[in-house]
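Structure, as structure tokens:
The values are calculated or read from the model by the stated rules, or taken from the named source; none is laboratory data. What you see is a predicted model, and the numbers here were worked out from it, not measured in a lab. Glycine gets a Cβ as well: all are built from the backbone with ideal geometry, and neighbour counts include every protein chain shown.
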Amino acid sequence: MKAKKQAVPAIDIGISAPDRARIAKGLSRLLADSYTLYLMTHNFHWNVKGPMFNTLHLMFMGQYTEQWNALDLIAERIRALGVPAPGTYKEFVKLASIKEAEGVPSATDMIRLLVAAQEATARTAREVFPLVDKANDQPTADLLTQRLEVHEKTAWMLRSLLEE
């Protein structure tokens with residue numbers, strides 16, 4: 001005798017399906033920017049050279065490690081909202097506001113590019129807040145607040161390396 005397949009219960013977390021879809025779309029853009037930033041930072045970690053090598057090599061490692069861990073949090077929140085998370089380079093390129101760096105920039109240019117990418121990722125996170133506030137979605141608001149704090153602080157730390 002075959003067991004009867006039971007239907008998967010509908011998501012009923014107090015956020016409408018359209019609001020969940022809109023929030024997930026914004027989080028997908030954040031995931032794409034975050035992945036692009038992760039990849040850029042890891043690339044620069046591998047390829048940095050010059051007088052600031054040791055400092056930047058270690059700093060970039062700390063940054064890409066933090067970023068790698070954040071990717072899972074963002075993707076899992078998208079899944080908790082009932083939407084598939086993007087997970088291919090093709091999707092990320094379409095969704096990301098950050099463009100890849102060409103070649104191997106100088107150490108100073110790496111810093112400038114990472115400041116811009118950290119700030120772009122912060123802007124993307126901030127753009128999702130109105131949707132989250134409207135839907136009364138505290139877990140996503142908490143995630144966005146944490147990501148904003150990291151990206152703004154990291155941009156400040158990188159920017160301070162460029163000051164005299």
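For the reader, a short list of remarks on this structure follows.
- Residue in region 6-19 that is touching a residue at least 60 places away in the same chain (Cβ under 8 Å) and touching a Phe, Trp or Tyr at 6+ places or on another chain (Cβ under 6 Å) present: no
- Every residue from region 1-18 that is assigned to a helix (DSSP H, G or I) and within 13 Å of A80 (Cα to Cα): A17
- For region 61-73, a residue qualifies if it is in contact (Cβ under 8 Å) with a residue 24 or more places away in the chain and of a type outside the set (S, T, Y), and the qualifying residues are Q63, E66, Q67, W68, A70, L71, L73.
- Test for R29: is it more than 17 Å from S106 (Cα to Cα), in contact (Cβ under 8 Å) with a residue 12 or more places away in the chain, of a type outside the set (S, T, Y) and out of contact with any helix residue (DSSP H, G or I) (no Cβ under 6 Å at 6 or more places or on another chain): no
- Selection status of I98, buried (at least 20 other Cβ atoms within 10 Å of the Cβ), in contact (Cβ under 8 Å) with a residue 12 or more places away in the chain and within 27 Å of A10 (Cα to Cα): no
- Criterion (at pLDDT 95 or above, closer than 16 Å to I23 by Cα, of a type in the set (V, I, T) and not in a loop (DSSP other than H, G, I, E, B)) met by exactly one of I111, I78: I78
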